[in-house]
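*Asks:* My structure is below; once you've seen it, I'll send some questions.
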Amino acid sequence: MGKGLTLKKIAFIGGGAMAEAIIKGITSSGVIAGSDIAVGEHTQQRCDYLQQTYGVQAYTDNNKAVEDAELIILAVKPQVAPVALTAELTAHFNKNAWVLSIMGSVSIDMLHGYVPGFPVVRTMPNTPLAVGEGMTAVCCDENVTSEMLEAACAIFGCCGEVEVVAESAIEAITAISGCGPGYAFVIIDALADAGVRAGLPRALAIKLAAQTLAGSGKMCVKTGIHPAQLRDQVTSPGGTTIAGIHALENHGVRGAFYDAVQAVLQRSMELQGK
């Protein structure tokens, strides 16, 4: 196995898109073999797909999936957690196992209620994990060892960038990077529509919009230059770009993003019963 990951078996509870993205990242990077991964997934068709595609062991019985696993990754939707994460399931956990959650809006305290007595790592990944360009925030409880935290970072490092943070930052991170791909896809779709209106073929307009956002993001990350400075580099006095930015500002583009982040924070509080 790769550096920072010496686990003999990882079990996933839930085999959806995010679980698959992580499985794809860690198996394709050689960090862990598919045969050392077990997945508990409620549909046989999905089990068959994951098994055939990644060489994992997939079961419709979660109890069987977690047997002897050193790390158990909770990858079900938060709404499903009360049904999936039962006392019967945790009774099948290896007594020395630790737990990693990718469930949004489920705090460490809430996780302790689902899996009492086990060290817990809480993460906030996003969907670009599926193409190796994810952004994942990681936090943990006091029972998580440095080796466990290193392993968690190694898993998500196979799928993109990782930051270890305090749990108090997770909700704001959810509103930025967790939900951010949704905002980005809206922008890409809108920009492509504008391109079609300007006379471009649909496929070309989508490619132009998507690659422009992808390239701009990478440029910001790789150069470390403040986005306002990068904007200035493409904004000539009296030019076309400033005319476009002026139009965006007239329509409250900044305020829209402020409101989007606040709406996410509010909904996250509601989901946590606050």
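*Asks:* For the stretch 135-149, in order, what is each residue's ³J(HN,Hα) by Karplus, 6.51 cos²θ - 1.76 cosθ + 1.60 with θ = phi - 60°, in whole Hz (x at glycine and Pro)?
*Replies:* 10, 10, 9, 10, 9, 8, 8, 6, 8, 7, 7, 4, 5, 5, 5
*Asks:* Using a 1.4 Å probe on the protein chains only, how many percent of the accessible area of the chain belongs to carbon and sulfur?
*Replies:* Answer for the chain is 58 percent, counting heavy atoms of protein chains only.
*Asks:* Moving to a separate point now. Using the scaling law 2.2 N^0.38 Å as the reference, what is the normalised Cα Rg of the stretch 116-185?
*Replies:* Taking N as the residue count of the stretch 116-185, the ratio is 1.12.
*Asks:* Among bridges DSSP assigns within the stretch 63-167, what percent are antiparallel (round to 5)?
*Replies:* For the stretch 63-167, the DSSP antiparallel bridge percentage is about 25.
*Asks:* Okay, next question. Out of the DSSP beta bridges found with both residues in the chain, what percent are antiparallel (nearest 5)?
*Replies:* 15 percent
*Asks:* May I pose another question? Which loop trypsin sites (Lys or Arg not before Pro) in the stretch 1-63, with loop taken from DSSP, have no more than 15 other Cβ atoms within 10 angstrom of their Cβ?
*Replies:* Listed in order of number, the matching sites are Lys3, Lys8.
*Asks:* What is the set of long-range amide H partners of Val121 at a cut-off below 5 Å, with H atoms built 1.01 Å from backbone N?
*Replies:* Val99, Leu100, Ser101
*Asks:* Set the Förster distance to 22 Å, then compute FRET efficiency between Arg267 and Ser168 from the Cβ-Cβ distance, nearest 0.05.
*Replies:* The computed FRET efficiency comes out at 0.75.
*Asks:* Also, I was wondering about something else. Compute, for the stretch 22-150, the length of the dipole vector about the Cα centre, with Cβ point charges of +1 (Lys, Arg) and -1 (Asp, Glu) only. Units Debye, rounded to 20.
*Replies:* 320 debye
*Asks:* Now, a different point. Show me, for the stretch 176-192, the HN-Hα J-couplings you get by feeding each phi into the Karplus relation (A = 6.51, B = -1.76, C = 1.60, θ = phi - 60°), rounded to Hz, glycine and proline as x.
*Replies:* Going residue by residue, I get 9, 8, x, 8, x, x, x, 4, 4, 5, 5, 5, 4, 4, 5, 5, 5 Hz, with x marking Gly and Pro.
*Asks:* As I understand it, the dipole of the chain uses +1 on the Cβ of Lys and Arg and -1 on the Cβ of Asp and Glu, about the Cα centre. Which of Gln229, Thr241, Gly157 lies farthest toward its positive end?
*Replies:* The listed residue farthest towards the positive side: Thr241.
*Asks:* Show me 122-133, 60-71, 206-217 ranked by packing, highest mean number of other Cβ atoms within 10 Å first.
*Replies:* For the peptides 122-133, 60-71, 206-217, the packing ranking is 122-133, 60-71, 206-217.
*Asks:* Between Phe12 and residues 5 or more places away or on another chain, which pairs have amide H atoms under 5 Å apart, with H built 1.01 Å from N, and which residues are they?
*Replies:* Ala38, Val39, Gly40, Ile73
*Asks:* Sticking with this one: Rg/Rh for the stretch 30-69 to two decimals, with Rh computed the Kirkwood way over all alpha-carbon pairs.
*Replies:* Reported Rg/Rh, Kirkwood definition of Rh: 0.96.
*Asks:* Give me a comma-separated list of calculated 3J(HN,Hα) values for the stretch 230-241, in order, Karplus coefficients 6.51, -1.76, 1.60 applied at θ = phi - 60°, integers in Hz, x for any Gly or Pro.
*Replies:* Once θ is set to phi - 60°, the couplings for the stretch 230-241 become 5, 4, 4, 5, 9, 10, 7, x, x, x, 6, 5 Hz.
*Asks:* Per q in 0.23 Å⁻¹, report the Debye log10 I(q)/I(0) for the stretch 183-274, using one uniform scatterer on each alpha carbon and no solvent.
*Replies:* Those come out to -1.31, one per q.
The values are calculated or read from the model by the stated rules, or taken from the named source; none is laboratory data. Everything numeric in this text was worked out from a predicted model, so none of it was measured. Please note: Cβ atoms are built from the backbone with ideal geometry, for glycine as well, and neighbour counts cover all protein chains shown. Only protein heavy atoms, including side chains, enter the accessible area calculation; ligands, DNA and RNA are left aside. Shrake-Rupley method; radii C 1.70, N 1.55, O 1.52, S 1.80 Å.
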